[in-house]
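Participant: My structure is below; once you've seen it, I'll send some questions.
The values are calculated or read from the model by the stated rules, or taken from the named source; none is laboratory data. This one's a predicted model, so the numbers in the text were calculated from it and none came from an experiment. Backbone-built Cβ (ideal geometry, glycine too); neighbour counts: all protein chains shown. Ligands, DNA and RNA are stripped out before the accessible areas are found, and what is left, the full protein with its side chains, is counted by its heavy atoms. Shrake-Rupley method; radii C 1.70, N 1.55, O 1.52, S 1.80 Å.
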Amino acid sequence: MMQYTYSLILFFTVVICFVASFDKRLRFDREFFPFLKAAALVAIFFIAWDVWFTSEGVWWFDTRYTLGLVIAGLPIEEWLFFIFIPFSCIFTYFCIDKFFKLQSLSAFNNIVVFVSIIICAVVALRYTDRIYTLVTAVVTILTLLIFHFVLRVQWITQASLVFTLLMLGFLPVNGILTGTGLESPIVNYNPMEFMGIRILTIPVEDAVYGYTQFLLVLYFFKKFQNKGFAPIAK
């Protein structure tokens with residue numbers, strides 16, 4: 001049973017959202033194709049990042065909790081992570097955006113972007129010797145700069161608010177992956193490569209990593225969605 005731990009985490013993370021997708025009030029099933037294209041595109045970058053960090057010993061996996069199929073140094077569950085977790089996140093955003101019109105929050109985009117960039121910049125400068133911390137901060141800064149000043153997206157604040165709500169699910173899921181309730185963590189981190197600040201058992205960098213991934217998948221989802229069924233407001 002132990003070897004099914006990671007796969008069960010993914011299953012229970014996505015199953016309710018997947019079933020609810022077919023609800024006639026939501027019909028998120030019509031958005032599966034735009035989502036899959038967006039998630040797969042973003043996954044290329046994050047899986048490459050994952051493979052690199054695993055090969056460098058920044059983090060590693062306890063394969064006792066996985067099915068045993070490893071591709072490029074990553075358990076198959078880790079590959080599926082980049083589809084299943086974004087699915088639940090984008091589904092949640094879709095539902096909130098559908099029933100609660102949050103467009104007015106765009107007035108706070110400048111504040112959210114500038115505060116986030118300043119915090120990430122200070123952290124990056126302080127921890128130049130911690131590769132996970134540094135890369136996560138730099139990628140987040142670049143993502144926000146491009147989205148806000150080049151692409152001029154208007155939903156950064158509402159996406160940030162939704163991600164804050166998603167933290168309610170992020171904590172138990174990532175908590176188990178990082179060791180909560182287990183004899184040892186499924187994902188282990190080199191203490192020399194991150195700040196050492198944890199939310200329970202979760203490195204704070206994981207939350208920033210997840211935030212950036214969420215923004216990127218959401219951006220491409222909206223782009224691909226606008227070519228398909230009933231686009232939601234940009």
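Participant: So which residues in segment 19-48 are without any contact (Cβ under 8 Å) to a residue 12 or more places away in the chain, within 22 Å of T136 (Cβ to Cβ) and of a type in the set (V, I, T)?
Facilitator: Selection gives I44 alone.
Participant: Which residue pairs have Cβ atoms under 6 Å apart, sit 6 or more places apart or on different chains, and have a first residue in segment 185-212 that is of a type in the set (D, E) and a second that is buried (at least 19 other Cβ atoms within 10 Å of the Cβ) and outside any loop (DSSP other than H, G, I, E, B)?
Facilitator: E193/Y132; E205/Y132; E205/T133; E205/T136; D206/N174
Participant: Another one. Go through segment 73-90 and report how many residues are among the aromatic types (F, W, Y), closer than 15 Å to E31 by Cα and either without any contact (Cβ under 8 Å) to a residue 40 or more places away in the chain or open to solvent by less than 20 Å² (accessible area, probe 1.4 Å) (or both).
Facilitator: 1
Participant: Would segment 174-186 turn up any residue that is open to solvent by less than 40 Å² (accessible area, probe 1.4 Å), more than 14 Å from the chain's Cα centre (by Cα) and within 30 Å of S106 (Cα to Cα)?
Facilitator: No, segment 174-186 has no match at all.
Participant: Of the residues R130, R126, only one is of a type in the set (D, E, K, R), farther than 25 Å from T92 by Cβ and crowded, with 19+ Cβ neighbours inside 10 Å; which?
Facilitator: R130
Participant: Still on this structure: Which residues, taken from segment 30-58, are more than 17 Å from the chain's Cα centre (by Cα) and either within 16 Å of V135 (Cα to Cα) or not in a helix (DSSP H, G or I) (or both)?
Facilitator: W52, T54, S55, E56, G57, V58
Participant: Being touching a residue at least 12 places away in the same chain (Cβ under 8 Å) and over 18 Å from P185 (Cβ atoms): is that true of I119 here?
Facilitator: Taking the combined requirement at face value, the residue does not satisfy it.
Participant: Still on this structure, I have one more. Go through segment 66-106 and report how many residues are farther than 20 Å from K222 by Cα and in a helix (DSSP H, G or I).
Facilitator: So the count comes out to 6.
Participant: Right, here's the next one. When you scan segment 22-29, do you find a residue that is part of a helix (DSSP H, G or I), among the basic types (K, R) and either touching a Phe, Trp or Tyr at 6+ places or on another chain (Cβ under 9 Å) or at pLDDT 95 or above (or both), even just one?
Facilitator: Among the residues of segment 22-29, not one is part of a helix (DSSP H, G or I), among the basic types (K, R) and either touching a Phe, Trp or Tyr at 6+ places or on another chain (Cβ under 9 Å) or at pLDDT 95 or above (or both), which makes the answer no.
Participant: Test F11 against the stated conditions and say whether it is open to solvent by 70 Å² or more (accessible area, probe 1.4 Å), part of a helix (DSSP H, G or I) and under 19 Å from L182 (Cα atoms). Steps first, please.
Facilitator: Details: open to solvent by 70 Å² or more (accessible area, probe 1.4 Å): yes; part of a helix (DSSP H, G or I): yes; under 19 Å from L182 (Cα atoms): yes.
Yes, satisfied.
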